[in-house]
């Protein structure tokens, strides 16, 4: 079973397409909508956590990539963690609902970031006093 978080970005014409409906209808996968910003005649964004067995998961992602006007990226391409800027205060770990930001070794108390666990909620952006977490350039979630 594969579970990955994908960021779908829509151009101004793609907002009308029944993408989520087609995923549910045509593929043996499960998905959760983690965040959505889809408005008529505007660029949009949808963050999906998709789970399924290898073949069906790959077919579903290939379908998403085949839709004109929609780009598909892994979430970890959008969230940037700067370990050198991080002061390892741990403030972000208390707010991270998915555990993507955590302290694996209590002896060192160093913050670690697991991009595969990140759900793109953006809470960490406001929680980090050192601003060690940011969005990649050109990304607006």
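Can you tell me which residue within the stretch 117-135, out of those that are farther than 18 Å from residue 49 by Cβ and either in the same structural domain as residue 9 (by TED's automatic domain parsing) or surrounded by 13 or more Cβ atoms within 10 Å (Cβ to Cβ) (or both), is nearest to the chain's Cα centre (by Cα)?
Of everything passing the filter in the stretch 117-135, 135 is nearest to the chain's Cα centre (by Cα).
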Legend entry - Per-region count, the stretch 42-58, residues surrounded by fewer than 16 Cβ atoms within 10 Å (Cβ to Cβ) and part of a helix (DSSP H, G or I): 3
Legend entry - Candidate set: the stretch 76-107, residues that are under 14 Å from residue 134 (Cβ atoms) and surrounded by 14 or more Cβ atoms within 10 Å (Cβ to Cβ); chosen: the one farthest from the chain's Cα centre (by Cα): 86
Inset, instruction - Take the stretch 57-89 and flag every residue that is over 26 Å from residue 14 (Cβ atoms) and in contact with a helix residue (DSSP H, G or I) (Cβ under 9 Å, 6 or more places away or on another chain). - result: 81, 86
Inset, instruction - Give the stretch 1-41 a look and list any residue that's closer than 16 Å to residue 61 by Cβ, in contact with a helix residue (DSSP H, G or I) (Cβ under 6 Å, 6 or more places away or on another chain) and in a loop (DSSP other than H, G, I, E, B), or say none. - result: 27, 28
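Are any residues in the stretch 66-116 modelled with pLDDT under 80 and either more than 24 Å from residue 51 (Cα to Cα) or in a loop (DSSP other than H, G, I, E, B) (or both), and if so, which ones?
78, 116
The values are calculated or read from the model by the stated rules, or taken from the named source; none is laboratory data. Given the structure is predicted, the values throughout are model-derived calculations rather than measurements. Heads up, the Cβs are rebuilt from the backbone with ideal geometry, glycines too, and the neighbour counts pull from every protein chain shown.
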